[in-house]
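J.: Sharing a structure with you now.
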Amino acid sequence: MKQIYAHGYTPVLIVILLLGAFGVLPRVRRSTQGEGWERRYFYGAVWSVTAAQTILLILWKALPKDHATDIAKLVVYCAVLIVTGALAAYGVLPRTRPILPGELMVAD
């Protein structure tokens, strides 16, 4: 674990802290203009991974264990990630629409 933190975690942490200090990361800028778009990425990732993992679990239990079904499971998993990611990008999935100025997000 010490090697992981020394060679992996600490350099990434330093880069993220520097990006935040210089205002490059979302929600650390001087202006709030354009905020709300990052929720599309966050909730899109949540929807995509949850759906893909659920379908992969079903396929893992239902299909026999051999090389052909492993490839089929990988293809289906990637397809679900792509489809749900596209749905999130278009704001179709819940909580993936951006917050626009003057719009209440109470019902979202």
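J.: Residues with amide H under 5 Å of residue 96's amide H, sequence separation 5 or more or different chain, H placed in the peptide plane at 1.01 Å from N; which?
T.: Here the answer is none, since no amide H 5 or more places off falls under 5 Å of that of residue 96.
J.: Could you work out the pair-distance distribution P(r) of the range 36-98 from its alpha-carbon pairs, with 5 angstrom bin width and percents rounded to whole numbers?
T.: All Cα pairs considered, the percentages come to 4, 20, 25, 17, 12, 10, 7, 3, 1.
J.: How much length is gained if the chain between residue 41 and residue 12 is pulled fully straight, taking 0.36 nm per residue apart and subtracting their Cα-Cα distance, in nm to one decimal?
T.: On the way: separation 29, 0.36 × 29 = 10.44 nm, distance 2.03 nm.
8.4 nm is the gain from fully extending residue 41 to residue 12.
J.: Here's a follow-up. For residue 73, which lysines qualify as cross-link partners when the Cα separation must be under 22 Å and same-chain residues fewer than eight apart are set aside?
T.: Hits, sequence-local ones excluded: 61, 65.
Values in this text are rule-based calculations from the coordinates and carry no lab data. Not measured: the values here are computed from a predicted model.
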